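For reference, the structure is listed below as structure tokens.
The values are calculated or read from the model by the stated rules, or taken from the named source; none is laboratory data. If you're wondering where the values come from, they're calculated on a predicted model, not measured in any experiment. Methodologically, a virtual Cβ is constructed for each residue, glycine included, from the backbone with ideal geometry; neighbour enumeration extends over all protein chains shown.
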Amino acid sequence: MDINIRKAIKHNIADNDKSQLRETIVDAIQDGQEKMLPGLGVLFEIIWQESDEQQKNMMVDNLAKGV
């Protein structure tokens, strides 16, 4: 069985509004379950791809501060 995680996650959130997307992220982080990490990774990938260089630099700076 071949499962495309990216495609499945994008399909599941395709009709979500901004509030629902935020809730998805907050719930996944608060839940803290390992099974949520691939989904958060896909969401981060989308964010990264839609960001300009300044936004990417800010994300990397925030990540560096957090680790």
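Among the residues of the range 20-59, write down those that are among the basic types (Lys, Arg) and at pLDDT below 95. Within the range 20-59, LYS35 is the sole residue that qualifies.
When the range 1-21 is limited to residues that are of a type outside the set (A, V, I, L, M) and under 14 Å from ILE46 (Cβ atoms), the one that is surrounded by the fewest Cβ atoms within 10 Å (Cβ to Cβ) turns out to be LYS18. Can you find even one residue in the range 1-8 that is among the polar types (S, T, N, Q) and more than 15 Å from the chain's Cα centre (by Cα)? Yes - at least one qualifying residue is present in the range 1-8.
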